[in-house]
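What follows is a set of notes on a single structure, which appears directly below.
The values are calculated or read from the model by the stated rules, or taken from the named source; none is laboratory data. Just so it is clear, the structure is predicted and the values come from calculations on it, not from any experiment. In this analysis, Cβ positions are derived from the backbone assuming ideal geometry, glycine residues included, and neighbour counts consider all displayed protein chains.
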Amino acid sequence: MEVSDAARLYVSRRWGVEPLYSSFTHLVSRTPVPGLNSSRPLEFSHPIHVDNCRLFNNGTCWPGGGAFIHRHFSAILYLNSDFDGGEFVFADIVSRKPTVRVQPRCGRLVAFSAGPENPHGVLAVRRGTRRALAMWFTRTGRQREEERLLADIYLRDSSALEVRRMVSLLERNFERADKLV
Ligand SMILES: O=C(O)CCC(=O)C(=O)O
Ligand SMILES: [Fe+2]
């Protein structure tokens, strides 16, 4: 939580965007792509894409079809270095050829605006496990990560009334969902 807040504040100051909220945070582990060989040097663990619209083959990017249009900025913090491959790349939006390569080194943060100005992807991991914390930030208050508000309260006081209320609401929802299956 502290690390992702630090990343959010960095992005907020660097781009002069205030307020900026965390919208989604997740930990991603990537292992080697099966069947890799040297005749295919441009394999991807995560193909070239844009974070807040759907990228088509002709280079147009559509802010529909379930795209996460509220994601305004992206940041990735690399958590280890003991793997091969897995470079982060920015790419040309039409040819999808990498234009800039970044070595994901432990402690390095890559941050960028999440639109079609920044198509990017991850080259194939060739050995080991690549671990990264992926974070998306939004200017839209109602898209903020609710789990974070809850976690904040929980970390302060795990018996807090709001937490208990929220947990029982979730349990009730799960029970209802179970009955539908
Ligand atoms: O792991 C990375 O370096 C980038 C991940 C990414 O682009 C994404 O999850 O949208
Ligand atoms: Fe991405």
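Which one of these is farther than 28 Å from Asn57 by Cα and assigned by TED's automatic domain parsing to the domain that holds Asn57: Arg71, Arg131? Before the answer, list the steps.
Working: Arg71 fails: farther than 28 Å from Asn57 by Cα.
From the options Arg71, Arg131, the qualifying one is Arg131.
I'm trying to understand the selection: among the residues of region 107-123, which are farther than 24 Å from Thr60 by Cα, out of contact with any Phe, Trp or Tyr (no Cβ under 6 Å at 6 or more places or on another chain) and within 13 Å of ligand 1 (Cβ to nearest atom)?
Of everything in region 107-123, just one residue is farther than 24 Å from Thr60 by Cα, out of contact with any Phe, Trp or Tyr (no Cβ under 6 Å at 6 or more places or on another chain) and within 13 Å of ligand 1 (Cβ to nearest atom), namely Leu109.
From the list Ser113, Ser29, Ser95, which residue is of a type in the set (Ser, Thr, Tyr) and buried (at least 16 other Cβ atoms within 10 Å of the Cβ)?
Working: Ser29 fails: buried (at least 16 other Cβ atoms within 10 Å of the Cβ); Ser95 fails: buried (at least 16 other Cβ atoms within 10 Å of the Cβ).
Going through Ser113, Ser29, Ser95 in turn, the sole match is Ser113.
Hey, can you tell me all the residues within region 102-143 that are among the small types (Gly, Ala, Ser) and part of a loop (DSSP other than H, G, I, E, B)?
Kept after step one, since they are among the small types (Gly, Ala, Ser), are these residues of region 102-143: 107, 111, 113-115, 121, 124, 128, 132, 134, 141.
Answer for region 102-143, where residues must be among the small types (Gly, Ala, Ser) and part of a loop (DSSP other than H, G, I, E, B): Gly107, Ala114, Gly115, Ala124, Gly128.
Within region 76-101, can you find the residues that are part of a strand (DSSP E or B) and under 16 Å from the mean Cα position of the chain (by Cα)? Steps first, answer last, please.
Step one: list which residues in region 76-101 are part of a strand (DSSP E or B), which gives 76-78, 84-85, 88-91, 98-101.
Within region 76-101, Ile76, Leu77, Tyr78, Phe88, Val89, Phe90 qualify.
Test of understanding: among Val122, Val102, which residue is surrounded by fewer than 17 Cβ atoms within 10 Å (Cβ to Cβ), within 16 Å of ligand 2 (Cβ to nearest atom) and within 28 Å of Ser45 (Cα to Cα)? Give the derivation first.
Numbers: Val122 fails: surrounded by fewer than 17 Cβ atoms within 10 Å (Cβ to Cβ).
That would be Val102, the only listed residue that is surrounded by fewer than 17 Cβ atoms within 10 Å (Cβ to Cβ), within 16 Å of ligand 2 (Cβ to nearest atom) and within 28 Å of Ser45 (Cα to Cα).
Quick one: what pairs do we get from region 126-142, first residue more than 14 Å from Met1 (Cα to Cα), second basic (Lys, Arg), C-beta under 6 Å, 6+ apart or different chains?
So the pair list comes out as Arg130/Arg30.
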